[in-house]
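K.L.:
If you scroll down you'll find the structure; I have some questions about it.
The values are calculated or read from the model by the stated rules, or taken from the named source; none is laboratory data. Because the structure is predicted, anything quoted here is derived from the model rather than measured. Backbone-built Cβ (ideal geometry, glycine too); neighbour counts: all protein chains shown.
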Amino acid sequence: MDEKRVVYLEITSWIGMSIGATHYYGELKCGDKKVDLLHPLTRKEAANLNKESLFDYMYKAGENYPGYVNRDKLIKQAIKTFIDHFPTADILISGRSYCADPQEILVGPEDLKEFVNSLVKEADSFGRYEGDKMRMEIIFQKFRKFWHAYT
């Protein structure tokens, strides 16, 4: 498969792991190319950041910022950025390039997206490898066979 067709949205967050963490961060990756996802701060977002900040820096409305309070807004921005920055790519996956398991496809051919996302949903329903290793192996083999046939 031509790896330039596939772009990965890597989402990072410390929500639930670090005191006061409230943001999601995203980066699009394809080979050596990386694009950080930024958005202009609203007045409310800038005010909230300034109120919570431990530093002297003051955020301003309109300033580009990498943190998203809402994961869905991050994904919407990722799709727009994917279209603008990766015109030859046709698949956007929410996940990591080094993970072989099925990962959610955000943009791609409908048959591929539907099949892979159904496997992701099934795997998540039982906790993936930690929940049922044998069942996950079956899902992985289905994914691998379809992915290789498709690409």
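K.L.:
I'm trying to understand the selection: among the residues of region 58-69, which are within 17 Å of Y25 (Cβ to Cβ) and assigned to a loop (DSSP other than H, G, I, E, B)?
P.N.:
Of everything in region 58-69, those that are within 17 Å of Y25 (Cβ to Cβ) and assigned to a loop (DSSP other than H, G, I, E, B) turn out to be Y59, E63, P66, G67, V69.
K.L.:
Moving on to the next point. Any residue that is within 23 Å of V7 (Cα to Cα) and part of a loop (DSSP other than H, G, I, E, B) - is there at least one of those in region 110-133?
P.N.:
no
K.L.:
Need pairs with beta-carbon distance below 7 Å; first residue among the β-branched types (V, I, T) and within region 24-48, second part of a helix (DSSP H, G or I) and at pLDDT 95 or above; sequence gap 6+ or separate chains.
P.N.:
Listed pairs, sorted by first residue: V35/T81; V35/H85.
K.L.:
Continuing with the same structure: Scan region 78-109 residue by residue and report those that are buried (at least 16 other Cβ atoms within 10 Å of the Cβ), of a type in the set (G, A, S) and assigned to a loop (DSSP other than H, G, I, E, B).
P.N.:
A89, G95, G108
K.L.:
For region 127-147, indicate whether the set of residues that are touching a strand residue (DSSP E or B) at 6+ places or on another chain (Cβ under 7 Å) and crowded, with 16+ Cβ neighbours inside 10 Å is non-empty.
P.N.:
The answer is no; no qualifying residue exists.
K.L.:
OK, next. In region 3-57, what residues are polar (S, T, N, Q) and in a loop (DSSP other than H, G, I, E, B)?
P.N.:
Within region 3-57, S18, T22, T42, S53 qualify.
K.L.:
For region 90-118: of the residues being among the charged types (D, E, K, R) and in contact with a helix residue (DSSP H, G or I) (Cβ under 9 Å, 6 or more places away or on another chain), which is nearest to Q141 (Cα to Cα)?
P.N.:
D101
K.L.:
Looking only at region 110-126, which residues are surrounded by 13 or more Cβ atoms within 10 Å (Cβ to Cβ) and either at pLDDT 95 or above or over 18 Å from K145 (Cα atoms) (or both)?
P.N.:
Scanning region 110-126 gives K113, F115, V116, N117, S118, L119, V120, E122, A123, F126.
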